[in-house]
Amino acid sequence: MSVTAIETPTTIHRGEEEIPWADAGGGIELKVLMVRDDEGLWIVRNRFAPGVVIQTHRHTGPVYAHTLSGAWKYLEYPEVNRAGSFLFEPAGSVHTLATPHDNTEPTDVWFQIHGVNLNLDADGNVESITDGPGVLAAYYAMCEAQGLPRPNVVT
């Protein structure tokens, strides 16, 4: 009887310095950690300044969020996410992310997003679409324009 070797996949590690913060404008900083277009998966970290409001949007897939610092909420819901909070957003959920004006520190949130964001106008119509490959391309362009090293994003 012979034993067949099984190829074991290896882990992928990225250090903090390999993926820089890019200034996305409007009080938002961005790190794109991973984009798996074949899976419709994108993982980002955002830092939001106090008083930031993100356009109302609908997710086509589930989203998982972990708050590392600061506070934020969806204007449509009463709960406030604070450091240590975990949030699950089911596919189809619609919300408007906002950080309190009286935050004393940036709000740092890790998001695992499946599918796309359908960005909505005031009447609920789709105005634009945000997806992983588009966010990655924008992130690379921001880093280049800001003189940052090319990020070593997991793709």
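The residues of the chain expose, per residue, 57 Å² of accessible area to a 1.4 Å probe.
What FRET efficiency do you get for residue 123 and residue 10 if R0 is 35 Å and r is their Cβ-Cβ distance, rounded to the nearest 0.05? Rounded to the nearest 0.05, the efficiency is 0.10. Taking the longest Cα principal axis of the chain as reference, the axis of helix 132-145 is set at about 80 degrees.
Within the chain, the percentage of alpha carbon pairs spaced more than 23 angstrom apart rounds to 41%. Heavy-atom surface analysis with a 1.4 Å probe gives the range 1-78 a carbon and sulfur content of 55 percent of its accessible area.
The values are calculated or read from the model by the stated rules, or taken from the named source; none is laboratory data. Values in this document were obtained by computation on a predicted structure and should not be read as measured data. Cβ atoms come from the backbone with ideal geometry, glycine included; neighbour counts cover every protein chain shown. Protein only, heavy atoms only, side chains kept; ligands, DNA and RNA dropped before computing areas. Shrake-Rupley method; radii C 1.70, N 1.55, O 1.52, S 1.80 Å.
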